[in-house]
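Derivation of every value follows stated rules applied to the coordinates shown; laboratory data play no part. In this text the structure is predicted, and so the values were computed from the model without any measurement. Backbone-built Cβ (ideal geometry, glycine too); neighbour counts: all protein chains shown.
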2 protein chains.
Amino acid sequence: MGAQLEFWFDFASTYSYLSAMRIEQAASAKGVSVSWQPFLLGPIFAEQGWKNSPFNIYPAKGRYMWRDMERLTAARDLPFQRPAAFPQNSLKAARLALAIEAPDQRAEFTRAVYAAEFGAGRDISDAEVLAECLADAGLSPDLLTRIGDADIKAELFEQVERAKARGIFGAPSFVAGDELFWGDDRLDDAISYALTI
Amino acid sequence: MGAQLEFWFDFASTYSYLSAMRIEQAASAKGVSVSWQPFLLGPIFAEQGWKNSPFNIYPAKGRYMWRDMERLTAARDLPFQRPAAFPQNSLKAARLALAIEAPDQRAEFTRAVYAAEFGAGRDISDAEVLAECLADAGLSPDLLTRIGDADIKAELFEQVERAKARGIFGAPSFVAGDELFWGDDRLDDAISYALTI
């Protein structure tokens with residue numbers, strides 16, 4: 001088994017969009033395989049006393065983040081459109097991503113969701129938008145029924161516990177062995193580290 | 001007048017140590033001149049409701065930061081020793097840096113303070129440590145008397161107001177024209193941007 005990197009993302013996270021769009025290419029170029037791990041930041045933020053995104057709680061930080069995203073997406077030739085509402089409700093998208101077991105399709109669905117949300121400014125809690133994202137990944141809209149299933153709900157709950165156990169406090173996060181790397185800015189370091197273990 | 005970049009730092013800030021140690025070389029290699037701007041994050045954090053460093057308020061974030069600093073300083077061959085107390089009281093060091101008007105000496109003093117604090121784990125609110133840092137920059141310890149002077153106190157107050165006016169909410173921050181860049185991870189982008197205006 002070759003080098004492995006876990007990619008932990010919340011669908012509401014702006015900077016996770018940047019990583020989702022480049023991680024497969026960056027990792028495979030170095031021979032590292034990526035495990036896509038959807039989770040929810042909300043319960044982790046709530047434990048820190050945040051009932052909203054820190055980018056909304058701290059306005060200067062929020063203004064900066066949006067400008068930073070504009071600059072970074074422009075530099076990477078990624079489409080960027082700020083959604084009307086932020087943060088979006090990422091619960092359904094996260095459950096759907098977990099319901100997709102095939103790694104390539106989960107990755108493709110995930111990229112489609114981020115592209116809809118931050119590339120086109122669409123609402124990812126909308127079942128129609130999610131159905132289109134499933135279609136983009138070659139999947140049936142029937143999968144939407146999985147959103148309410150008990151096993152998927154339990155699995156997402158477990159994902160949040162696993163994230164906490166890894167010391168994760170934000171997204172995107174990358175884990176290789178016992179090392180945690182936070183933020184799209186650390187993706188290349190995380191890939192390089194994965195090769196050493 | 002050539003390209004200019006403002007470097008805003010708080011002496012208590014760990015990641016500012018990384019930037020202080022490389023900014024002159026990185027900027028001058030591209031023909032950009034650096035203006036060293038000491039300020040205090042405390043009053044800005046207090047307005048956000050933080051009475052302590054966010055790295056202490058949010059333990060997972062703090063644990064991560066110290067590990068991240070270990071990795072980054074090792075990769076850059078910088079000495080690193082976590083000080084016994086964090087954050088340190090950076091008030092005297094900030095006032096002293098402002099009292100040094102010659103840009104090169106201000107930069108040299110600043111690097112000496114960061115090296116003492118995060119390279120050697122020393123207490124930068126200690127007058128003896130600060131006197132050594134002044135000596136490292138070829139300056140007299142007599143400058144320590146400036147710490148209590150009204151004009152320097154007022155100047156530091158003004159620096160915090162200037163930082164707020166620039167939208168600064170953390171350190172290190174870099175400003176070129178109307179663009180703000182936050183974090184050592186954005187230093188190279190900030191230098192590149194400074195060349196375009």
How large is the convex hull of the C-alpha atoms of chain A per residue, in Å³? 118 Å³
All other residues with a Cβ under 13 Å from the Cβ of B:Ala127 taken together, and with Lys, Arg as +1 and Asp, Glu as -1, what is their net charge? -1
Only counting other Cβ atoms within 10 Å, I'd like A:Lys92, B:Lys30 sorted with the fewest neighbours first. B:Lys30, A:Lys92
How big is the antiparallel share of DSSP beta bridges in the protein assembly as shown, given as a percent to the nearest 5? 50 percent
Using the Cβ atoms and a cut-off under 14 Å, what net charge is assigned to the surroundings of A:Arg82, where Lys and Arg are +1 and Asp and Glu are -1? 0
For B:Ala116, net neighbour charge (Lys/Arg +1, Asp/Glu -1) across residues whose Cβ lies under 11 Å away: -4
The correct pair for region B:1-105, radius of gyration to one decimal and Dmax as a whole number, both in Å and from Cα atoms, is 15.2, 45
Note on region B:15-162: contact order normalised by length, alpha-carbon pairs under 8 Å, 6 or more apart, percent, works out to 26 percent
Listed here are the pairs A:Lys164/B:Lys164; A:Lys92/B:Lys61; A:Lys61/B:Lys61; A:Lys51/B:Lys51; A:Lys30/A:Lys153; B:Lys51/B:Lys92; which of them are more than 24 Å apart at the Cα? A:Lys164/B:Lys164; A:Lys92/B:Lys61; A:Lys30/A:Lys153
Would you mind estimating how fast the protein assembly as shown diffuses translationally, via Stokes-Einstein at 20 °C and 1.002 mPa s with the Kirkwood radius over Cα pairs, in µm²/s? 95 µm²/s
Dipole-positive endmost among B:Gln25, B:Leu180, B:Thr14 within chain B (Cβ charges, Cα centre): B:Thr14
